[in-house]
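Enquirer: So that we are looking at the same thing, I have put the structure below in C-alpha cells.
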Amino acid sequence: MKDDALLERIRAAMPVLADLSRADLLLFRRSGAERAVVVAHARPHSLSPVYAESQTGCEVTAAERPDVLRAFHARPWRRRVHSETVNRAPIARELLPVYGSNGLVIAVLAIDTSWLAHERQLRRSRAFRAALQRLQETVLRGELEGAEHLSPFGEHDGIVVVDSELRIRYVSGIAANLYRRLGYPQSLVGRHISTLETRDYALIAASLREQRCLEEQGTEHEFTWIRKTIPFRSRDYRPVFRRLARGDSRPAGVLIAIHDATEALRREQELRIKSAMIQEIHHRVKNNLQTIASLLRLQARRSGDPTVSHILGESVNRILSVAVVHEFLSQNETAAISIREMSQRILSQTVAGVLDPGKEIAFRLQGGNPHLPAQQATVCALVINELVQNALEHGYDHRDKGLITVTLKDEGERVTVLVEDDGEGLPEGFNVATDGSLGLRIVHTLVEEDLKGRFVLESGTSEGAGVRAVVSFPKSTVGGEEGWNARG
C-alpha cells in the first residue's frame, strides 16, 4: 500500500475511532525539518471535543509541539500517555506512529482527551481497553474497511466486545440495560453470541467474515435498534524495526455499538405527519385564496362602475400575492422562501391579470436571491406587488411603452428591494403620507411596522423621468423572534 493511500484510509476511519476513543484525533505529517502540519482532525460525537474548531491545516513547530516532532524519530515505540495543555486546560495525550512502506514513520496520530474522559476510559474493563488498542492499531495499518459509511456514535450508545470466537468479552452499562429490555437480565459476558435470540449473530458473523464495518437497523419486540459492527485485527511484535510486524494480521474480534432509535424514529414519524398536514393546510389556503380572487374578479367584471372594478382588481392581486407564499409553503413548509422566485411569480401574475394588452411595458427581475421566513416573505410579497402596481398605474397614464425593473439585493444582515420605472416622475413636493395612493400607504405601513425597515420613494435618475422605490429591512423573523439568519 502506497503511503498516500494508507493515510487516506486512516483519515476515513478517524471519525469512528474518535467516537470510540472518546477523544480528538489529529493526524500529523512532516512539513519541514522542525515542522509538522495537521492533515486530518476528527472530533468525537460521544462527548465534548477538546478543540472547539477543526485543527486541519494548522502547522506546529518543534518549539510548540516537541512531543509530536520527537514521535517521528522515537525508537523503540511504546504506548504512553502524557499530560499536555490545550486552551489552558490539562489533557491526556497519546502519540501513535504510522509506518510507511519503507518502515519509517510517515505520520503521527495524536489522541487528545480530557483527563476526566481518560480516567473514565481507564475504569472500563481490560477487555474493552485491549479491544480499543487493537482497533487503533488496525486503523493505523489501514486495515479498517467501510468505516466511512457508519453513522456517528452518540453519548448514549451501548458498547459490546465480541472476540474472534464469537464470545462476548465486554458489555457496557448502557448496552446491558438495552439487552434487559429484550429479556436478558443476567450478565452476557462469556456467552456465545449465537445463544442470543437477537439479530446480533448474523451481523457480527458477516462483519468478521468480510472484515469490514457494517450497520443495520432492525426491530426487535417493540424496539428499533441501530447496530454498528467494527472488526479489529491483531499482530505480534517482531524485532524488525522494533515496530508492529508488517506480515499478515489475524481477526481478533468485533466492537459493536448499539443505539435505541425507537423514540427518535417515533418523533421523526410524528414530525413527518405534522409537516405533511401543515403542507396540506398551506395548499388548501392557497386554493381558497385563489377561489376568493376568482370571485372578486368575477364581481369586478360584472360591476358597472370602473372605480369599483379597479379597486376589486387591486384586491385580487394582493390576495394572489399572499397565495404565492402559501404555494411555496405547500411544497416545503420548513423552507425559507426564495424572494426571487416569489417576485417572478408576482410579475407573471401582473402581466396576466393587470397589464393593459394595448401597452408595451416590459418587466425585468435582477439581482440576488435572498431567502426569508414565511411571515416576512408574505409581507415582502405584498410590498413588491403594491410597488409594481403603483408603477403601472401612475407611471404610464400617457405612455404606451416602458420598463419596470425589480432589483433584489442580499446584503448579509439586510435585504434591499428596488422597484424602478421609466414612466412619469413624481409631482413636485410629493409626500407619501399625504399624497400617496392607498397602495403606497399600505407599503409604508408594512415596511415601517412589520419589516422594521425603511421605505423611500424618489424620482428617477434620468432627467427627472421615472420613479425609484427603495425598501430596505433587516433579516429577522417577523413577530419579535430575533437572530434568524437567512440563506443567501
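Enquirer: What ranking do Cys58, Cys213, Cys380 get, fewest neighbouring Cβ atoms within 10 angstrom at the top?
Expert: Going from least to most buried by this count: Cys58, Cys213, Cys380.
Enquirer: State the answer as a single residue: which of Gln290, Ala71, Leu418 lies farthest towards the positive end of the charge dipole of the chain, with beta carbon charges of +1 for Lys and Arg and -1 for Asp and Glu, about the Cα centre.
Expert: Value: Ala71.
Enquirer: Against the longest alpha carbon principal axis of the chain, how many degrees, from 0 to 90 and to the nearest 10, is the axis of helix 339-353 turned?
Expert: Roughly 30 degrees, rounded to the nearest 10.
Enquirer: How big is the antiparallel share of DSSP beta bridges in the chain, given as a percent to the nearest 5?
Expert: So the antiparallel bridges amount to about 90 percent of the total.
Enquirer: Okay, moving on. Under a point-charge model restricted to the Cβ atoms of Lys and Arg (+1) and Asp and Glu (-1), what is the dipole moment magnitude of segment 142-185 relative to its Cα centre, in debye to the nearest 20?
Expert: 420
Enquirer: Cβ under 15 Å from Arg267's Cβ, Arg267 left aside: what net charge do those residues give with Lys, Arg +1 and Asp, Glu -1?
Expert: Computed value for this residue: -1.
Enquirer: When Lys and Arg each count +1 and Asp and Glu each count -1, what net charge do the other residues less than 12 Å away from Ala131, Cβ to Cβ, add up to?
Expert: The answer is +4.
Enquirer: Working out 0.36 nm times the residue gap between Thr291 and Arg209, then minus their Cα-Cα distance, what length gain in nm do you get to one decimal?
Expert: Full-extension gain reported as 23.1 nm.
Enquirer: Cut-off under 27 Å on the C-alpha distance; same-chain residues fewer than 8 positions from Lys359 excluded. Which lysines are left, in chain and number order?
Expert: Partners within reach: Lys401.
Enquirer: What ranking do 135-144, 217-226 get when scored by the average of other Cβ atoms within 10 Å per residue, highest first?
Expert: 135-144, 217-226
Enquirer: In whole Hz and in residue order, list the ³J(HN,Hα) couplings for segment 45-58 that follow from phi through the Karplus curve 6.51 cos²θ - 1.76 cosθ + 1.60, θ = phi - 60°; x for Gly and Pro.
Expert: 8, 7, 6, 5, x, 6, 9, 6, 10, 4, 9, 4, x, 6
Enquirer: Now, a different point. Suppose only helical runs count, i.e. DSSP H with n ≥ 4. What mean residue ellipticity at 222 nm does that imply for the chain under -39500 (n - 2.57) per run, divided by all residues and rounded to the nearest 500 deg cm²/dmol?
Expert: Dividing the helical sum by the residues of the chain leaves -12500 deg cm²/dmol.
Enquirer: Please turn the phi angles of segment 159-174 into ³J(HN,Hα) values with the Karplus equation 6.51 cos²θ - 1.76 cosθ + 1.60 (θ = phi - 60°), one per residue in order, whole Hz, x for glycine and proline.
Expert: So the J values, rounded to whole Hz, are 10, 10, 10, 10, 7, 5, 8, 6, 9, 6, 10, 7, 9, 5, x, 5.
Enquirer: Related question: Please state the relative contact order of the chain as a whole percent: Cα pairs under 8 Å, 6+ residues apart?
Expert: 9
Enquirer: A further question follows. Excluding residues fewer than 8 places away in the same chain, name every one of the lysines whose C-alpha is closer than 29 Å to that of Lys475.
Expert: Within the straight-line limit of under 29 Å, Lys475 reaches these lysines: Lys274, Lys286, Lys409, Lys452.
Enquirer: In degrees between 0 and 90, to the nearest 10, how far off the longest principal axis of the chain does helix 262-302 point, with axes built from Cα atoms?
Expert: Helix 262-302 sits at roughly 10 degrees to that axis.
Enquirer: Calculate how many DSSP beta bridges within segment 274-428 are antiparallel, expressed in % of all such bridges and rounded to the nearest 5.
Expert: 55
Enquirer: For Gln269 paired with Val308, estimate the spin-label separation in nm (one decimal), with each label point 7 Å from Cα along the Cα-to-Cβ line.
Expert: Spacing of the two 7 Å Cα→Cβ label points: 5.6 nm.
Enquirer: List the residues whose amide H sits under 5 Å from the amide H of Ala252, counting only those 5 or more places along or on another chain, with H placed 1.01 Å from N in the peptide plane.
Expert: So Ala252 has HN proximity to Phe232, Arg233, Ser234.
Enquirer: Between Arg75 and Ala5, what length comes free when the chain is fully extended (0.36 nm per residue of separation minus the Cα-Cα distance, one decimal in nm)?
Expert: Length difference between fully extended and current span is 22.7 nm.
Enquirer: What do you get for Rg/Rh of segment 12-117 when both radii come from the Cα atoms and Rh is the Kirkwood radius?
Expert: Expressed as Rg/Rh, it is 0.94.
Enquirer: Which whole-Hz ³J(HN,Hα) couplings does segment 320-326 yield from phi under the Karplus relation 6.51 cos²θ - 1.76 cosθ + 1.60, θ = phi - 60°, glycine and proline marked x?
Expert: 5, 5, 5, 4, 4, 5, 5
Enquirer: At 4 °C and 1.567 mPa s, what whole-number value in µm²/s does Stokes-Einstein give for the translational diffusion of segment 126-260, with Rh from the Kirkwood sum over Cα pairs?
Expert: 84
Enquirer: Apply the a/c threshold of 1.5 to the C-alpha gyration tensor of segment 63-210 and tell me whether it is rounded, prolate or oblate.
Expert: prolate
Enquirer: Quick one: dipole size for segment 1-123, taken about the Cα centre, charges +1 on Lys/Arg Cβ and -1 on Asp/Glu Cβ, in debye to the nearest 20.
Expert: It works out to roughly 380 debye.
Enquirer: Let me ask another. How are the Cα pair distances of the chain distributed, in percent, across 10 Å bins from 0?
Expert: 4, 15, 18, 13, 11, 12, 12, 9, 4, 0, 0
Enquirer: For the chain, with only Lys/Arg (+1) and Asp/Glu (-1) charged at the beta-carbon, what is the dipole magnitude about the Cα centre, in debye rounded to 20?
Expert: Roughly 3480 debye, rounded to the nearest 20.
Enquirer: Next question, about the same structure. Given His41, Ala110, Val60, which one lies farthest toward the positive end of the charge dipole of segment 1-123, if we put +1 on the Cβ of every Lys and Arg and -1 on the Cβ of every Asp and Glu?
Expert: Ala110
Readers should treat all values here as calculations from the given coordinates under stated rules, not as data from a laboratory. Note that the structure is a prediction, hence the values are computed from the model and not measured. We place every Cβ from the backbone using ideal geometry, glycine too, and count neighbours over all the protein chains shown.
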